[in-house]
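Worksheet: one structure, shown below.
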Amino acid sequence: MPTPPPHRRRLGRALAFGLVLATTAVATNTPVSAGPPRPTTPDLGPHVTIFDPSMPVSRIQAVLDAAHAAQVDNEMGTTRHAYLFRPGRYGTDEQPLQIKVGYYTEISGLGASPTDVVINGKIEAYNRCLTEGGTGNCIALVNFWRTLSNLSLHVNAAGQDDCRATANFWAVSQAVSMRRLDISGGGLSLMDYCTNGPQYASGGFIADSRLPATTNGSQQQWLTRDSEVESWSNGVWNQVFSGVVGAPDDAGFPDPPYTTLDRTPVSREKPYLFVDAKGKYQVRVPAARRDTRGITWANGLTPGRSIPIGDFFVARPSDPVQVINAQLARGKHLLLTPGVYDVARSIEVRRPDTIVLGIGHATLTAVNGSVPLDIAGVPGVVVAGVTIDAGLKESPVLLRVGRKSGPDRGTPKNPTTLSDVYFRVGGPHIGKTDTALEVNSDHVLIDHTWVWRGDHGVEGFTEGVNGDTDRWRTNTGRYGVIVNGDHVTATGLFVEHFQRYNTVWNGEHGTTILYQNELPYDPPTQADWHNGKTNGWAGYKVGDRVRQHTLHGGGVYVFNQNNPSIRTENGFEVPVRPGIRLRHIMTVNLSAGTIDHVVNGVGEAADMTRVGAPVYLKQYP
């Protein structure tokens, strides 16, 4: 096992390359085939490429190789792209299609079932090498923002070297999802042990997938939900399984560090674009379910409803918010095509059952202190595949679900759902917000989110005149997630680096399945990291009045790189009541600073004497 890196490495200026597909004579947003575009193909804008199985593998390979070359280092860039595959088979035994996936890239099938699109080859993410031309500094800790979904992968390593031939590699960290996959023919490795040996990764999320033998390896935390797995090996800190057929037993926790739930209490799979039997494009919206286990597509079409693409307003970054809101008010759903949208006034979702679906990591950026996305307290809204960035002027919140006062019509049968919704406060530019995500409605499902106050970014972001002190004062985010609604469930809650409580849970009957948190790296002094008479702010706070709350598998990490003498009293703070249950929680020191206790004064200190060695509690109280 390699030595844990002391922190997520800070980077210099990200390389920004425009993706010029004209060099491959391929038109975007059209089927890549010898004939003209099919008349039913919707206009999804210039940053969506749709492949057809009639195209030669060599041409598809060339397009995707160019995309990866442009995006492999483009961590803080603005290019977004989706590569979609019409139903059919791609690649052969002799000529496999081998895809490498870079930043802000979505690879998805357009079948009604994952088995409708078959890739004979590989779809991979490797360690990213940060030294020019060398492999001395290759890591997976910054492999963010990419999507893989709704297809079958028959692993074929023909032409690769002996190490690469051993598995399909998916070495990623936060804001990366794998959904609706059927992988066969070879193993899956969630670490890259071929590029400069094994390196730590900080992912990740899989849902609704059928998996082969899977090597978790150096992944620090991972959630696998409602899937099937042949076998699972290894893991670093928190490895959580919920509703997974074949999941490992967790009786030995923390050795190995597995947390297993037989069933997921509340789930809803992410909506997906598909082509029906008549060649028409639709969006499938899976139904909400309870006490789930295994995949949704084993016996045919995933339960839910299909919405014709014509019922969506297909937006581009140039569309004014007034136009988007007018379309939503008319009853249209919203499909956000790839790109960066400057949002100076809220996109307002007021109607029940509205779908907001982003493809290709569509990004909403707050302008002039706006709230980019504001959802009313109505049932059944689904927001999926959207990234929301703070802007230069402070926003009160980046995404709000319901209001603190006012009507709320949330229902357990049809929860408002956020799937693969990501937040950034800083990174590509300075950002400011009081709170990133605020949930005021009851019966809300948060299914995989990364809420991130940036610890690194473009040149000048982390290094001002006074180094990290400047970032603490200028790149500001007080709270990551505040939950005020009752009966809110989070499956895959990743929240990092906020300046007060990273997560505050005030609602009753809340449930979190996998919580991952890093405290902020950059408080200049203890006085800057002080909550009344208490040193620091817990990474996860359950409100003092709450009587019912459950957490399965949680970790809070400390790396006070700006001032290693800083202390945090508790990783978790919760009321001591019979209805409050924390299961399999831990703190860990990443080489600077101290967390004195795991929860409420209980648990040993995660200090400089045990760098990289977690302090575990099987349950509290």
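No value in this document is a laboratory result; all are computed from the given coordinates. Please read all numbers here as calculations on a predicted model, not as lab measurements. Note that we place each Cβ from the backbone using ideal geometry, even for glycine, and neighbour counts take in every protein chain shown.
Between Ser184 and Thr115, what is 0.36 nm times their sequence separation minus the Cα-Cα distance? Round to one decimal in nm. Using 0.36 nm per residue and subtracting the Cα-Cα distance, I get 23.7 nm. Around the Cα centre of the chain, unit charges on the Cβ atoms of Lys, Arg, Asp and Glu (plus for the first two, minus for the last two) sum to a dipole of about 1460 debye. Here each label is just a point 7 Å from Cα along the line to Cβ, and for Ser591 and Ala69 those points are 3.5 nm apart. Mean residue ellipticity, 222 nm, helices only, the chain: the sum of -39500 (n - 2.57) across DSSP H runs of n ≥ 4, divided by residue count and rounded to 500, is -1500 deg cm²/dmol.
The stretch between Thr166 and Thr131 holds 10.0 nm of extra length on full extension. This uses 0.36 nm per residue minus the Cα-Cα distance. Seen through its C-alpha gyration tensor, with square-root eigenvalues sorted a ≥ b ≥ c, the stretch 443-578 comes out prolate because a/c lies at 1.5 or above while a/b is bigger than b/c. A dipole drawn for the chain from +1 and -1 charges on Cβ atoms has a positive end, and of Leu336, Thr49, Pro412 the residue lying farthest that way is Pro412.
Farthest toward the positive end of the dipole of the chain, out of Ala605, Val367, Ser441, is the Cα of Ser441, where the dipole comes from beta carbon charges about the Cα centre.
Please state the relative contact order of the chain as a whole percent: Cα pairs under 8 Å, 6+ residues apart? Write out the running numbers ahead of the final one.
Details: 1950 pairs, mean separation 48.8, N = 621.
Over the chain, the number comes to 8 percent.
Kindly list the residues of the stretch 168-198 that lie in the label zone of Arg89, defined by a backbone N under 18 Å from the point 7 Å along the Cα-to-C-beta vector. Counting only backbone N, you get 182-186.
Normalised by residue number, the volume inside the convex hull of the Cα atoms of the chain is 138 Å³ per residue. Cβ-Cβ distance of Lys404 and Ser306, R₀ of 22 Å, FRET efficiency by 1/(1 + (r/R0)^6): the value works out to about 0.05. Looking at the chain, what % of its DSSP beta bridges pair antiparallel, to the nearest 5? The antiparallel proportion sits near 15 percent. Non-local lysine pairs in the chain, meaning eight or more places apart or on different chains, with alpha-carbon distances under 21 Å, amount to 9. Taking 0.36 nm per residue of sequence separation and removing the Cα-Cα distance, the Ala605/Leu392 pair yields an extension gain of 73.0 nm.
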